[in-house]
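Bear in mind that the values in this text are calculations on the coordinates, not laboratory data. It should be emphasised that the depicted structure is a prediction, and the values quoted were computed from it without experimental measurement. Here Cβ is always computed from backbone atoms with ideal geometry, including for glycine, and neighbour counts include all displayed protein chains.
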Amino acid sequence: MCAGAGLCAMDLCVTIKGVSFLLQTGLGVLGNAAVLLAYANILLTETKLLPVDVILCHLAFANLMLLLTRCVPQTMTVFGMTELLNDAGCKVVIYAYRISRALSVCITCMLSVFQAVTIAPTGPHLARLKPALPSLVLPTFAGLWILNMAICIAAPFFSMAPRNGTVPAFTLNLGFCHVDFRDNLSYVINGVAVSGRDFAFVALMLGSSGYILLLLHRHSRKVRQIRRAQSGGSETRAAKIVVTLVILYVVFFGIDNVIWIYMLTVEKVSLVVADMRVFFSSCYASISPYFIMSSNKKVKAKIVCAAEQSQLSADSQRPDDK
């Protein structure tokens, strides 16, 4: 039994927080790993992935890396595991998390822009760009990696293992690591740089998604005719998948940044607020793979096939009841 009402409430809060992070991390890691394995299986059988599938695969990888570098240590910390990382470990983990979080928004934006260009009417400006789109996917990935590695380069310099005693001002207490900005100027500059990059990519993805919706609305008759053909139908389905992913990201991005703006206005951020931001900022990484699995016919078929084969294997190994 609890020694007092305060202790009972605290234990209940820790339990709810721990279970929430555990479910989010477990489901997210499982879902993104399943998407990656499904695409690996498709690549082995078809020897080539469509550009949209390559982008979705990279998105699943970025989200998986995000969950492993942030939610896994966060979950372990909530359940009372301390001294998980030293200073060097914190620098590596925080840097990897910052990059993966940035890639998640950038690749979602890339997916939206790519699909908008794909379904746009072919005019004089797009006549040369459309055929070149597949060859631009990998260079764009490389550019996004380089851009975000450069923007996030300051993170390792401010990251360290938790110290005993009070948490200094302008320090993000992540539980398993501290990010100590030392003064208000570096704290605000970091926040503005990260938020500015995120808002720029979110604005771009909203614009391209709005253009996709406008095209689908204006050319509904044409879309129905194209849907009879295999390629046109796949492009239309892919466009709807992209728009839904963007809406999903923007919802959690909005909640995340409301909390982040609040955190920039205070010197000491409570652990509860930091945990709330981690949870909401990781929801997209945990939910998006299940939407991909349910809406992408190829991925869904591979996962169903793997599940059926696993069930048949289990039945064949089961001894007879005679």
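Between V192 and L213, full extension at 0.36 nm per residue minus the direct alpha carbon distance yields a gain of 4.5 nm. For the range 29-50 and the range 136-175, write down the distance between their C-alpha centroids in whole Å. Value for the Cα centre distance between the two parts: 29 Å. Just so you know, the Cα atoms of the range 29-71 work out to an Rg and Dmax of 10.9, 34 Å. Pairs of lysine residues in the range 20-300 that meet both criteria, 8 or more places apart or on different chains and Cα atoms under 17 Å apart, total 6.
In whole Å, what three semi-axes, largest first, describe the equivalent ellipsoid of the range 45-129 built from its Cα gyration tensor (square root of 5 times each eigenvalue)?
38, 14, 10
A crude spin-label estimate for the pair V117 and A203, with each label 7 Å from Cα along the Cβ direction, gives 2.1 nm. Using the Cα atoms of the range 170-209 to build a convex hull, what is its mean projected area in square nanometres? Averaged projected hull area, Cα only: 3.5 nm².
Where does the charge balance sit around F279 when Lys and Arg score +1, Asp and Glu -1, over other residues with C-beta under 14 Å from its C-beta?
Residues close to F279 contribute a combined charge of +2.
Here the range 20-300 is assigned +1 on the Cβ of each Lys and Arg and -1 on the Cβ of each Asp and Glu. Its dipole about the Cα centre then comes out at about 1400 debye. Counted residue by residue at 0.36 nm each, then reduced by the alpha carbon distance between them, the extension gain from K240 to M149 reaches 29.7 nm.
Over all other residues within a Cβ to Cβ distance under 13 Å of L147, the charged ones net out to +1, with Lys and Arg as +1 and Asp and Glu as -1. For the range 20-300, what percent of Cα pairs sit more than 36 Å apart? Counting pairs separated by more than 36 Å, the tail of P(r) holds 20 percent.
The magnitude of the dipole of the range 100-203, with charges of +1 and -1 set on the Cβ of Lys/Arg and Asp/Glu and taken from the Cα centre, is near 220 debye. Using a simple spin-label model with pseudo-atoms 7 Å out from Cα toward Cβ, L37 and R182 lie 4.6 nm apart. Projected onto planes of every orientation and averaged, the convex hull of the alpha-carbon atoms in the range 116-187 covers 8.1 nm². Here the simple spin-label model places points 7 Å from the Cα toward Cβ, and for L248 and L264 these points are separated by 2.8 nm. For T108, the shell of other residues with beta-carbons less than 13 Å away shows a net charge of 0, using +1 for Lys and Arg and -1 for Asp and Glu. Which residues does a label at A169 reach in the range 191-208, if reach means a backbone N under 18 Å from a point 7 Å past the Cα toward the Cβ? Residues 191 fall inside that zone. Counting 0.36 nm for each residue step from S295 to L129 and taking away their Cα separation leaves a gain of 57.0 nm.
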